[in-house]
Structure formats: C-alpha cells, structure tokens
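Only one structure is covered here, and it is reproduced in the block below.
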Protein chains: 2
Amino acid sequence: MKATLLTVGDELLIGQVVDTNSAWIGQALYDIGIQVARIESLPDRHLEIRAGLERASEHSDLVLMTGGLGPTKDDITKQVLCDFMKCGMVFSDSTYNRIQRLFAKRNIKLTDAHRDQCMMPEKAHLLINQMGTAPGMWFEYEDTIFVSMPGVPHEMKYLMTHEVLPRLTASSTQVLVKRTVRTVGIPESSLAELVEPILDQHQVGIAYLPSRGQVRIRLYKNGLLREQIQNEVDTAVVAVVAAIGEPFYGYDDDTLEYAVGQLLKEKGLQLATAESCTGGYLSHQITSVAGSSSYFKGGVIAYANEVKSEHLGVAPDLIASHGAVSTQVTEAMVEGLLASIPADLGIAISGIAGPGGGTEEKPVGTVCITVGALGDTHSEQILIGKNRLLNIQYAATYALNMLRKFLLEH
Amino acid sequence: MKATLLTVGDELLIGQVVDTNSAWIGQALYDIGIQVARIESLPDRHLEIRAGLERASEHSDLVLMTGGLGPTKDDITKQVLCDFMKCGMVFSDSTYNRIQRLFAKRNIKLTDAHRDQCMMPEKAHLLINQMGTAPGMWFEYEDTIFVSMPGVPHEMKYLMTHEVLPRLTASSTQVLVKRTVRTVGIPESSLAELVEPILDQHQVGIAYLPSRGQVRIRLYKNGLLREQIQNEVDTAVVAVVAAIGEPFYGYDDDTLEYAVGQLLKEKGLQLATAESCTGGYLSHQITSVAGSSSYFKGGVIAYANEVKSEHLGVAPDLIASHGAVSTQVTEAMVEGLLASIPADLGIAISGIAGPGGGTEEKPVGTVCITVGALGDTHSEQILIGKNRLLNIQYAATYALNMLRKFLLEH
C-alpha cells in the first residue's frame with residue numbers, strides 16, 4: 001500500500017507552524033508496513049487543494065489529509081472533497097448532538113458557525129473525534145482510500161490511533177522492520193567505507209543520518225513474512241556493528257549521554273564535571289537522562305578564572321603560563337574537581353566558543369578536554385569551527401565520547 | 001514570484017526526522033515578500049525526485065531543494081538535477097581544495113568518496129558553504145531558478161542567509177514589515193485581552209506564538225511602500241508594548257537570557273548560579289549568549305547533596321529538616337554561592353524534574369527558586385508538570401524571569 005500525506009494550511013507555507021503531523025503519521029504508517037511515498041503541504045485555496053488531491057490519487061492507494069476542518073472561513077477541505085468526489089453535503093445530527101453535549105458541559109452557546117460545521121460530505125463515513133468538535137472522515141472513492149482529519153496534533157493523533165490505524169492494519173499485509181545503529185566520532189564517508197562492503201551480502205536498505213559529530217545508520221527491509229525479514233535485518237545489524245567497531249555506541253533511541261550513563265552504572269562509578277566554554281551544556285546533556293542522579297554527582301561551571309582557582313584549586317600561575325585554554329589547565333581542573341567532589345571520574349572542558357576571544361595561536365573553536373580519574377587522565381586539544389552554539393554542542397559530544405572510550409578501555 | 005520547496009530524504013517520509021527546514025525557509029521567503037505555494041517531501045529515489053522537479057517547475061518561478069547532497073549512495077540529488085537539466089558533471093577543484101583544507105585541520109584523510117563528492121553539475125553556479133563540505137548550487141534553467149542545498153539545518157541556514165536570500169532580495173518588489181514583541185510569565189489569553197482592544201485602532205496583522213512560559217507576538221503588514229508600512233507597524237508596536245507592561249522583555253530575536261544579560265551589563269552586576277534539578281541548563285542558557293563572560297562568573301551544579309554542602313556550604317541539618325527541595329535550601333545555596341564566587345547576584349534552583357523522586361507533599365514538577373544578593377533574596381516554590389525535559393526548561397525560564405523582575409525593581 002502506497003500512501004500520500006496532504007497537509008493543508010497557509011500557516012505551514014509561511015513557516016508560522018512546523019509540520020510535525022507528517023512525521024508522526026509517517027512513522028505510525030511505517031510501523032504497520034505502509035510506506036509514505038510523498039508529503040505535500042498546500043495553501044488554504046480550493047484549486048490548489050483539488051490539484052493536490054488529483055496528484056495524490058494518481059499514484060497512491062491511501063491519501064491522508066490533515067487541516068482545513070475548523071469553523072473559520074479559511075477552512076475549506078470539506079467543500080474541496082465534495083467537489084473532487086462529486087457529492088453533496090448533508091446535515092449530521094450525530095455530530096450536532098455531540099457538539100451540543102460537549103459545549104453544555106463547558107457552558108458555551110452554539111452558534112450558526114457550529115451548525116455549518118455539522119454539514120458533512122454525503123460520501124463520508126464519519127470517525128468520532130473525542131478530542132474536538134470536527135469528526136474525521138473516511139472515503140473510499142474509485143480505487144483509493146481518502147482520510148481527512150483536523151490539523152490540531154492531539155486530535156489527529158487520537159483519530160489515527162483509535163480509528164484510522166486499526167482500519168488500515170486490518171487491510172495491510174506488508175511488514176516493515178527497521179533498526180538504527182548509532183555511532184560517534186567517525187565521519188559519514190568513513191562509515192560508508194566500512195559498511196558498504198558488508199551490505200553487499202545483505203538484502204537490506206540503508207540510510208545515513210549525520211548530526212553534530214554523530215551518525216545514525218538505519219537498516220530496513222519490508223515484505224510479507226515478519227519473522228524472515230526480522231532475521232535478515234538482525235543479521236545485517238550484527239555484521240554492520242562488527243564492521244564499525246569502537247565508534248558504535250547504541251541502538252534506536254539510545255542517546256550518547258544515555259550510553260555513557262549505562263557504562264557508568266555497570267561499572268558502579270560516579271561522575272563529576274568542570275565546564276568552562278560549554279557553560280553547563282555538558283552537564284545538562286548528562287542530566288537530561290532520567291535516573292542520572294544515580295551516577296552524576298554534580299560539577300562546577302568555571303567560566304571566570306577566579307572560579308577555576310576558588311572551586312577547582314587551579315593555580316593562577318598555571319593559567320598565566322599556559323593560558324586558560326590548555327590541557328595543563330583542564331588536567332588541573334579534573335584534579336581539583338575530584339579532590340572536592342566525591343566522584344570517581346571527572347570531565348573538564350576549556351575552550352573558545354566564540355565569536356570573540358580567539359588568537360592567532362588559539363583561534364575560535366579551540367577546545368581542550370581532559371577525562372579520567374585522579375592520577376590517570378587523558379587529554380586532547382581539538383579545533384572545531386566558528387559558530388558559538390555548534391562549538392558548545394560539538395565539544396560536549398566530543399567530551400562524552402572521550403569518557404566513553406576511557407570507560408571501554410579501563 | 002511563486003516558490004515551491006522540495007525536501008528530499010526517506011527519513012522525512014518515515015517520520016524519523018521532522019521537516020523543520022521548510023518552515024524556516026517559508027518564513028525567510030515570506031519576509032522578503034515571496035510566497036511559498038507548495039511544499040513537497042520526496043524519497044531518495046531518482047524517478048520520484050525527477051517527477052517532483054517537473055511538477056515544481058510547471059507552476060513556480062523558484063524551486064528550493066534541500067537534502068540528498070551527502071557522500072553516500074542514497075544521496076542522489078545532483079544526478080537527478082543533471083538528468084533533469086540535461087547536463088553532465090565536472091570535477092570542482094575549488095570544492096576539493098576547500099574540503100582538503102577543512103579536513104587537514106581535523107586530521108581526517110580524504111577518501112574516494114570525498115573525490116566523488118566534488119563532481120558537480122556543469123550548469124550549477126556553486127554557492128560556498130562555510131558550514132560543511134557540500135556546496136549549494138544555483139541554476140537558472142528555462143524560466144525557473146533552482147537552488148539545491150544540504151539538508152543539515154545549520155548548513156541550509158548559512159547558505160540561505162549568505163547566498164540565496166541576498167540574490168532573491170535583489171529581484172523582489174513587495175515589502176513585508178514585521179516586528180516581534182516578546183513576553184514572559186503571562187498566558188496567551190491574558191495577553192490577547194490586553195492587546196486586542198489596542199489593535200482595533202491599527203491596520204496590522206497579529207499572530208501569537210506561545211512556547212514554554214513565553215509568548216511572542218508578531219505584528220506585520222505588507223504592501224508596496226516600505227516607509228509607510230514601517231511607520232504603521234512601529235506605531236502599533238509602541239501601543240502594544242505599553243499595553244503589555246512588565247511581561248514585555250524584548251523584540252525580534254532577543255532571547256530572555258539576552259535581555260537579562262543586557263540588564264546585568266547596564267547595572268554593571270556579576271551573576272553566578274547554583275543548580276540542582278536543572279543540572280546545568282540554566283547556565284547553558286545564560287552562556288549561549290555571546291559575550292556573557294562579561295557578566296557571568298560561573299556556578300555550581302549541586303546535583304548530589306554532598307556537593308550542596310561541600311561547594312555551597314549548605315548545612316546537612318538544613319537539608320535533613322526541610323528537604324533538598326525547599327526555599328530554605330535554595331536560600332542557603334545562594335548565600336553559599338555568593339560567599340565563594342565573587343558575584344553580586346545569584347540564582348539557585350532545586351526541584352524534582354522526574355520521572356522519579358516525587359512524594360505526596362512534593363510531587364514531580366515541584367521546583368524552588370531563589371534569586372538575589374547577599375541578604376536580599378526573593379524565593380518562590382512552583383509546581384510545573386510531569387515531563388522531565390519540560391520541567392527543566394520551564395524552571396530555567398521561570399528563574400531567569402524572577403531575576404529579570406528583581407533587576408527591574410532594584
């Protein structure tokens with residue numbers, strides 16, 4: 001079954017609203033083995049929506065629409081559907097009664113606009129929407145299924161979950177199996193060189209999704225026999241993970257900070273942080289994981305040099321002779337940190353996030369990082385880029401990966 | 001000028017990635033008076049992308065594409081563009097040299113995949129991408145402009161801002177003037193009650209954009225005479241800001257952390273932080289502002305109670321008697337903080353981010369915050385919600401707003 005999504009609304013085209021509905025629907029359909037072939041966002045104009053319906057019906061068995069069902073006059077999806085399917089509108093008593101009951105509870109008086117909203121296309125099978133006033137609509141027209149839903153995300157999700165997906169599952173036989181392999185510290189092109197030769201022996205699809213020093217690899221296959229497909233994907237995943245080696249850190253929705261947290265838990269170790277240029281971002285990443293308090297003690301944000309000296313015991317002389325951005329200073333930060341916070345491992349970061357503060361010798365994007373235990377540390381100096389926020393994010397990822405490697409080696 | 005956006009990538013269709021690029025581009029084009037007529041998301045398949053290009057070129061003067069420019073074999077946008085425009089590929093020395101310089105800095109070896117990536121459509125005018133390896137491409141083919149950009153958001157934004165928008169602005173005549181008024185600590189409905197009566201006297205459009213304790217109000221108008229339109233919008237903005245009062249904190253892209261930073265700079269005051277449940281997020285927000293080192297000294301992430309005692313001098317007895325989540329403890333955290341870090345003002349946050357740790361008396365989402373100077377503090381206890389990440393973000397916004405109000409009153 002091949003699906004097209006149509007999202008209707010001027011607000012999508014002028015960028016006032018991000019279309020999160022399509023991703024949600026795409027994933028929900030994907031999980032029951034239906035592939036979305038195309039997504040189209042259309043303005044609130046009759047001719048454009050009608051043209052979108054025609055394009056969609058040509059190449060799809062299933063067309064899911066969201067938006068354009070509200071009570072205001074820019075919402076015209078129903079009229080376009082009637083025009084497209086050559087049918088009239090009828091008054092829906094059941095919808096009117098539902099709205100009446102709903103509004104009585106909230107002490108709202110029904111207006112003419114609400115009566116108009118109860119006019120429904122003759123050919124529609126109505127889907128009850130417990131989250132709002134506009135019902136969903138299900139049509140079978142020529143050889144295509146059309147479904148129209150409100151654009152409000154929680155109303156759409158309710159209708160998909162309770163009405164649309166159950167109906168589609170009943171008629172779908174295709175199965176899709178997917179697995180995501182997560183990597184860090186290796187560029188997409190180098191990963192491809194490791195993975196592509198392996199993949200020749202496996203009949204699975206692959207996609208690379210790079211983002212800020214990490215690359216996710218998605219392996220997938222669809223067909224009729226779940227068990228067989230699951231087996232093929234699993235076998236390919238094992239081979240791919242073996243080929244990647246150290247840069248592999250987790251599957252599916254596992255984040256790097258989650259993977260590092262799991263390693264710390266397994267080894268029963270406690271962590272603390274000392275951040276300068278990342279200004280709290282690394283600690284935020286670590287503590288965004290639920291349950292992180294079982295292995296994260298806390299840290300010091302040593303933005304000013306006084307704080308490096310006062311809270312981390314870094315000698316002002318050391319800063320004066322090597323500069324605040326130096327591995328000598330980040331090493332001293334880890335030592336001072338672990339002397340004052342009862343943790344086993346520390347991470348220290350000092351760098352120039354930019355846009356100011358760069359020099360010839362240490363340009364913007366220079367970052368020094370130390371990870372390790374008292375008397376057993378590992379340090380690196382890297383050069384990232386010119387964008388402040390990306391420098392902060394990339395430095396935190398790099399530091400987490402250094403800690404991950406330290407944990408794997410010890 | 002009528003534009004179509006084409007976003008390419010299987011990850012969009014299966015819902016692994018939300019298409020935020022289209023909204024960003026839609027808004028950027030809208031701002032220079034270009035209307036997006038349609039957005040289409042397409043899979044990584046030659047025929048489908050080609051069909052998308054054909055549909056787009058039929059009804060648009062401008063086609064902006066994102067995605068499909070990476071080094072792996074699922075990235076095929078360039079081949080499709082060559083096929084569509086009937087041209088070959090040529091090796092781009094300038095691109096190869098740029099990649100070589102970039103990778104030398106990071107100690108990465110160039111592979112054959114990188115050489116392949118330097119093959120470019122003959123008909124393309126290359127747009128230099130300072131944020132990544134794949135350049136943008138500008139084509140004028142028949143009567144339509146085609147632009148191809150990488151799908152990585154910060155690379156796309158760089159190319160749009162520095163290369164594409166300046167070229168398009170030069171050729172546009174409609175003018176759109178808009179101004180955003182930013183507010184914090186007041187719900188959308190209360191804002192509307194303050195603003196709507198004012199707006200009856202002004203012929204400008206309005207949109208409310210709520211997000212995590214803040215509401216942005218956008219006022220806009222378009223037409224042909226820039227000066228007149230600018231005047232009307234400016235007058236409306238002055239009236240709206242006066243009606244809003246204290247919750248107003250800034251314009252356009254000013255963030256709350258930026259506004260607080262400006263207040264600190266004006267008053268010549270230094271800030272420090274003591275975070276428990278927000279785990280570094282508040283400090284990250286503050287230090288995401290360029291130049292924040294001139295007023296932010298640093299802080300302590302006191303996740304474990306030992307750190308509250310060791311680095312902030314909070315008496316274990318106080319924690320035992322009132323609980324770590326109490327205004328007594330956050331007050332002590334500010335006092336200890338300002339005793340050890342040479343700053344004028346401190347913020348302390350302690351709370352239960354969840355999902356675990358809640359009690360009958362202090363459920364998940366309970367957060368205590370203290371702001372102020374030594375001997376002059378203000379504390380509040382609030383109850384947010386059940387989502388860990390939203391609790392962290394909302395608590396940081398609430399704390400920044402408390403500091404803002406403290407600064408305005410002193």
Checklist entry - Restricted to the stretch A:186-204, and to residues that are over 15 Å from A:Val241 (Cα atoms) and surrounded by 18 or more Cβ atoms within 10 Å (Cβ to Cβ), which residue is farthest from the other protein chains (Cβ to nearest Cβ)? => result A:Pro187
Next on the checklist: For the stretch B:1-59, give me each residue that is facing chain A (nearest Cβ under 7 Å), of a type in the set (Gly, Ala, Ser) and out of contact with any strand residue (DSSP E or B) (no Cβ under 6 Å at 6 or more places or on another chain).
Outcome noted: B:Gly15, B:Ala23
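So that you can scan it fast, the table gives a plain yes or no per residue for (1) part of a loop (DSSP other than H, G, I, E, B); (2) in contact (Cβ under 8 Å) with a residue 60 or more places away in the chain; (3) crowded, with 24+ Cβ neighbours inside 10 Å; (4) within 8 Å of another protein chain (Cβ to nearest Cβ):
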{"position": "B:Ser293", "(1), (2), (3), (4)": "no, no, no, yes"}
{"position": "B:Val300", "(1), (2), (3), (4)": "no, no, yes, yes"}
{"position": "B:Tyr303", "(1), (2), (3), (4)": "yes, no, yes, yes"}
{"position": "B:Met333", "(1), (2), (3), (4)": "no, no, yes, no"}
{"position": "B:Gly336", "(1), (2), (3), (4)": "no, yes, no, no"}
Checklist outcome for this item: Scanning the stretch A:253-291 for residues that are more than 10 Å from every other protein chain (Cβ to nearest Cβ) and polar (S, T, N, Q) gives A:Thr255, A:Gln262
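Tally the residues that are more than 18 Å from A:Leu42 (Cα to Cα) and either touching a residue at least 60 places away in the same chain (Cβ under 8 Å) or not charged (D, E, K, R) (or both), restricting the search to the stretch B:4-27.
Residues meeting the conditions: 6.
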Checklist outcome for this item: The residue that is nearest to B:Ile217 (Cα to Cα), considering only those in the stretch B:235-262 that are hydroxyl-bearing (Ser, Thr, Tyr) and either without any contact (Cβ under 8 Å) to a residue 12 or more places away in the chain or part of a helix (DSSP H, G or I) (or both), is B:Thr235
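Can you list the strands (runs of 3 or more DSSP E) found entirely within the stretch A:118-213 that contain at least 2 residues being in contact (Cβ under 8 Å) with a residue 24 or more places away in the chain and polar (S, T, N, Q)?
Once the strands (runs of 3 or more DSSP E) in the stretch A:118-213 are filtered for at least 2 residues that are in contact (Cβ under 8 Å) with a residue 24 or more places away in the chain and polar (S, T, N, Q), what remains is A:144-149, A:175-184.
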Checklist entry - Considering only the stretch B:273-291, how many residues are in contact (Cβ under 8 Å) with a residue 24 or more places away in the chain and within 24 Å of the chain's Cα centre (by Cα)? => result 12
Item to check | Residue within the stretch A:33-51 that is assigned by TED's automatic domain parsing to the domain that holds A:Ala113, within 19 Å of A:Glu155 (Cα to Cα) and either touching a residue at least 40 places away in the same chain (Cβ under 8 Å) or among the basic types (Lys, Arg) (or both) present | outcome: no
Item to check | Odd one out for A:Arg55, checked against (1) within 30 Å of the chain's Cα centre (by Cα); (2) free of Cβ contacts under 8 Å to residues at least 12 places away in the same chain | outcome: (2)
Checklist entry - Just checking, which of B:Val307, B:Val314 is surrounded by 23 or more Cβ atoms within 10 Å (Cβ to Cβ), facing another protein chain (nearest Cβ under 8 Å) and over 26 Å from the mean Cα position of the chain (by Cα)? => result B:Val307
Checklist entry - Any idea which of A:Ala56, A:Ala113, A:Ala3, A:Ala104 is of a type outside the set (S, T, N, Q), surrounded by 17 or more Cβ atoms within 10 Å (Cβ to Cβ) and assigned to a helix (DSSP H, G or I)? => result A:Ala56
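Give the number of residues within the stretch B:349-381 that are within 13 Å of chain A (Cβ to nearest Cβ) and buried (at least 17 other Cβ atoms within 10 Å of the Cβ).
Here the count works out to 8.
If a residue must be part of a loop (DSSP other than H, G, I, E, B) and either polar (S, T, N, Q) or on the phi > 0 side of the Ramachandran plot (or both), how many such residues does the stretch B:263-288 contain?
7
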Next on the checklist: For the stretch B:31-43, check the following and say yes or no: at least one residue is surrounded by 18 or more Cβ atoms within 10 Å (Cβ to Cβ), part of a strand (DSSP E or B), in contact with a Gly (Cβ under 6 Å, 6 or more places away or on another chain) and charged (D, E, K, R).
Outcome noted: yes
Next on the checklist: For the stretch A:134-190: of the residues being over 21 Å from the mean Cα position of the chain (by Cα) and of a type in the set (Gly, Ala, Ser), which is farthest from A:Leu224 (Cα to Cα)?
Outcome noted: A:Ala134
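Answer with yes or no whether A:Leu209 is surrounded by 15 or more Cβ atoms within 10 Å (Cβ to Cβ) and within 14 Å of chain B (Cβ to nearest Cβ).
Details: surrounded by 15 or more Cβ atoms within 10 Å (Cβ to Cβ): yes; within 14 Å of chain B (Cβ to nearest Cβ): yes.
Here the answer is yes, as A:Leu209 does meet what is asked.
The values are calculated or read from the model by the stated rules, or taken from the named source; none is laboratory data. For clarity, every value in this text was computed on a predicted model and none was experimentally measured. No Cβ is skipped: glycine too gets one built from the backbone with ideal geometry, and neighbour counts run over all protein chains shown.
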